[in-house]
Amino acid sequence: MANMVEWERILTARERIADTLPITPLLSSRTLNHETATQLWFKAENFQKTGSFKARGAFNRIRLAKSDPAVSGVVTASSGNHGQAVAFAARVHGLTAHIVVPQDASSAKIAAAEAYGATIEYCGTTSRERLERAEQLARQNGLVFVPPYDDVEVMAGQGTVGAEILEQLDDLDAVLVPIGGGGLISGVASAIKARRPSVQVIGVEPVGAASSYLSRQVHQRVELPAGLSIADGLRSVAPGVLTFPIIMSAVDHLVTVTDEQIRQAMWRLITRLKVLVEPSGACAAAYALAVDRPLAGQRVVAILSGGNVDPATLCRLLPS
Ligand SMILES: *Cc1c(COP(=O)(O)O)cnc(C)c1O
């Protein structure tokens, strides 16, 4: 299939991350299997370094940047899990990390990036302003810009999740992947379709931020006025320029879930699996756990993409 991330590139990413990032486990629960009539495994990226799969793409991209001795640092414009992942990977490689965040960014996320030694710069309130500032910093200071999803090496890094799943399970019907900008699903779908094309790749979005779902219906990238969901990592208003063609060609189905389904999935993962995931991290699981049992009779992996949720948010979301 055209546009996909090459399998060789994903294998190279695996070699680059192997000494630092762990292979995450597949978890399962007899009760959840019984309740859903599905054989379910949960790929626990909430246990990944920095608390999300974003460490994979950032680490792969930054290890590559490090091979150029002229590069002294990296820059990105994302305050969430990607910012944390970039700060972590830069520190491991002895590079500086600049993170451009909105003036109204939440302090918990910024504190995590600062703890990894990143320099935080506040700039405007729109993503366009931040992106322009990050690109300016890259030009002026010789820093490498690390995009959150629209970059082939970032996608290849995220694709290592798919490569691991193929090694961990040899009989499998479907993989459920949450979609924000589409970097994770582009990498995972590229890995799965390269090695086992009969396995279905299903993208899951919150109904209030279903930019890929809507774009795919009209065969072009559409921009939402705003992404509305408790899943803060999935609120991107449009799929990427590089990720969208992969979503069009390599993903079998796109589905949506409600915020209430995400909230309930978080709670069932806590009570049944004893694992804590953030709202974005519960999105794929929410589809598998839906009451109408959409995947009954199948063998399915749902990616738990991250576990970074601050206590105040968690208290608001869980039943009292
Ligand atoms: C970034 C993120 C996603 C979405 O990944 P994309 O590559 O933007 O599609 C999903 N879950 C979590 C926890 C994330 O941090």
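Mind checking which residues of region 271-309 are of a type outside the set (Lys, Arg), away from the ligand (no atom under 16 Å from the Cβ) and closer than 20 Å to GLN48 by Cβ?
The one that is of a type outside the set (Lys, Arg), away from the ligand (no atom under 16 Å from the Cβ) and closer than 20 Å to GLN48 by Cβ: LEU273.
Take the residues of region 58-81 that are within 21 Å of THR12 (Cα to Cα) and within 16 Å of the ligand (Cβ to nearest atom): which is surrounded by the most Cβ atoms within 10 Å (Cβ to Cβ)?
Restricting to residues being within 21 Å of THR12 (Cα to Cα) and within 16 Å of the ligand (Cβ to nearest atom), the top hit is ALA58.
From (1) within 14 Å of the ligand (Cβ to nearest atom); (2) of a type in the set (A, V, I, L, M); (3) over 27 Å from ALA108 (Cβ atoms); (4) not in a strand (DSSP E or B), pick out the condition that doesn't hold for ALA265.
Condition not satisfied by ALA265: (3).
Would you confirm whether any residue within region 262-273 is of a type in the set (Phe, Trp, Tyr) and under 23 Å from ASP173 (Cα atoms)?
no
Return the residue satisfying two criteria in turn: it lies in region 24-53 and is of a type in the set (Val, Ile, Thr) and surrounded by 14 or more Cβ atoms within 10 Å (Cβ to Cβ), and of such residues it is nearest to the chain's Cα centre (by Cα).
THR50
Of all residues in region 142-169 being within 16 Å of the ligand (Cβ to nearest atom) and of a type in the set (S, T, N, Q), which is surrounded by the most Cβ atoms within 10 Å (Cβ to Cβ)?
GLN158
Residue-wise test of (1) crowded, with 24+ Cβ neighbours inside 10 Å; (2) touching a strand residue (DSSP E or B) at 6+ places or on another chain (Cβ under 7 Å).
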| residue | (1), (2) |
| --- | --- |
| PRO245 | no, no |
| LEU254 | no, yes |
| VAL277 | yes, yes |
| ILE303 | yes, yes |
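May I ask you to say which residue of VAL154, VAL177, VAL161, VAL71 is in contact (Cβ under 8 Å) with a residue 24 or more places away in the chain, within 19 Å of GLY240 (Cα to Cα) and not in a strand (DSSP E or B)?
Selected residue: VAL154, the only one of VAL154, VAL177, VAL161, VAL71 that is in contact (Cβ under 8 Å) with a residue 24 or more places away in the chain, within 19 Å of GLY240 (Cα to Cα) and not in a strand (DSSP E or B).
Going residue by residue through region 306-318, is there one that turns out to be surrounded by fewer than 17 Cβ atoms within 10 Å (Cβ to Cβ), in contact (Cβ under 8 Å) with a residue 60 or more places away in the chain and assigned to a loop (DSSP other than H, G, I, E, B)?
Yes, the conditions are met somewhere in region 306-318.
Being of a type in the set (Gly, Ala, Ser), more than 11 Å from the ligand (Cβ to nearest atom) and more than 24 Å from LEU314 (Cα to Cα) is the filter here, so list the residues in region 190-237 that pass it.
Selection gives SER190, ALA191, ALA194, SER198, SER215.
Specify which of the listed residues (GLU129, GLU121) is of a type in the set (Asp, Glu), surrounded by fewer than 16 Cβ atoms within 10 Å (Cβ to Cβ) and in contact with a strand residue (DSSP E or B) (Cβ under 7 Å, 6 or more places away or on another chain).
After applying the criteria, what remains is GLU121.
I'm checking my understanding of the structure. Among residues of region 279-301 that are in a strand (DSSP E or B) and among the hydrophobic types (A, V, I, L, M, F, W, C), which one is surrounded by the fewest Cβ atoms within 10 Å (Cβ to Cβ)?
So, considering only residues that are in a strand (DSSP E or B) and among the hydrophobic types (A, V, I, L, M, F, W, C), the one surrounded by the fewest Cβ atoms within 10 Å (Cβ to Cβ) is VAL300.
For ILE179, state whether it is surrounded by 18 or more Cβ atoms within 10 Å (Cβ to Cβ) and away from the ligand (no atom under 12 Å from the Cβ).
When the stated conditions are applied, ILE179 does not pass them.
Applying the selection to region 32-57, what residues are in a helix (DSSP H, G or I), in contact (Cβ under 8 Å) with a residue 24 or more places away in the chain and more than 12 Å from the ligand (Cβ to nearest atom)?
LEU32, GLU35, THR36, PHE47, LYS49
For region 276-287, check the following and say yes or no: at least one residue is out of contact with any Leu (no Cβ under 9 Å at 6 or more places or on another chain), β-branched (Val, Ile, Thr) and within 25 Å of ALA312 (Cβ to Cβ).
no
Can you run down the residue pairs with Cβ atoms below 8 Å, 6 or more apart or on separate chains, where the first is in region 269-288 and under 21 Å from HIS82 (Cβ atoms) and touching a residue at least 40 places away in the same chain (Cβ under 8 Å) and the partner is within 13 Å of the ligand (Cβ to nearest atom) and among the charged types (D, E, K, R)?
GLU278/ASP232; PRO279/ASP232; SER280/ASP232; GLY281/GLU45; CYS283/GLU205
Read-outs: derived from the displayed coordinates by stated rules, not from any lab. Because the structure is a prediction, the values reported are computed rather than measured. Cβ atoms come from the backbone with ideal geometry, glycine included; neighbour counts cover every protein chain shown.
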